[in-house]
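Note sheet for the following structure.
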Amino acid sequence: MYKIAVLGDRESVLGFKALGLEVHSAETVEEARKSLHHLARDGETAIIYVTEQYAAEMQDEIAKYKDSVIPAIILIPGKGGSLGMGMRNITDSVERAVGADIL
């Protein structure tokens, strides 16, 4: 069975533990990078939610997994609020799949 993980700063991701998701808190962007690569390579994690604040610093690493089926990396707002990156990624994915921006 595949796992769902959440990666970000402690305050942003701790609440997801109550939902039964695997929580990976990182204090620095470098820790987040290591966790992301570990989760992506383990073969057991199907979805990785990453806070937008860390994703902004790890765009190259996240781009490596953009076209892979597993893991799907989804950006979520962190404790500082949304940066709009998550919605942009969804819009781009829909536009690639459909051929037009329908959102």
Suppose the filter is open to solvent by 60 Å² or more (accessible area, probe 1.4 Å), part of a strand (DSSP E or B), at negative phi and at pLDDT 85 or above; does Ile4 pass it?
yes
Quick count over segment 16-29, residues being farther than 14 Å from Gln53 by Cβ and without any contact (Cβ under 8 Å) to a residue 12 or more places away in the chain, is 4
Elements of type helices (runs of 4 or more DSSP H) contained in segment 22-103, each with 3 or more residues being at pLDDT 80 or above:
29-41, 52-57, 59-64
Restricting attention to segment 25-64, the residues that are open to solvent by less than 40 Å² (accessible area, probe 1.4 Å) and within 16 Å of Tyr2 (Cβ to Cβ) number exactly 5
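The values are calculated or read from the model by the stated rules, or taken from the named source; none is laboratory data. Just so you know, these numbers come straight off a predicted model, no measurement behind them. Ideal geometry is used to build each Cβ from the backbone, glycine not excepted, and the neighbour counts take in all protein chains shown. Note: accessible area is taken over every heavy atom of the protein model, side chains too, but ligands, DNA and RNA are not part of it. Shrake-Rupley method; radii C 1.70, N 1.55, O 1.52, S 1.80 Å.
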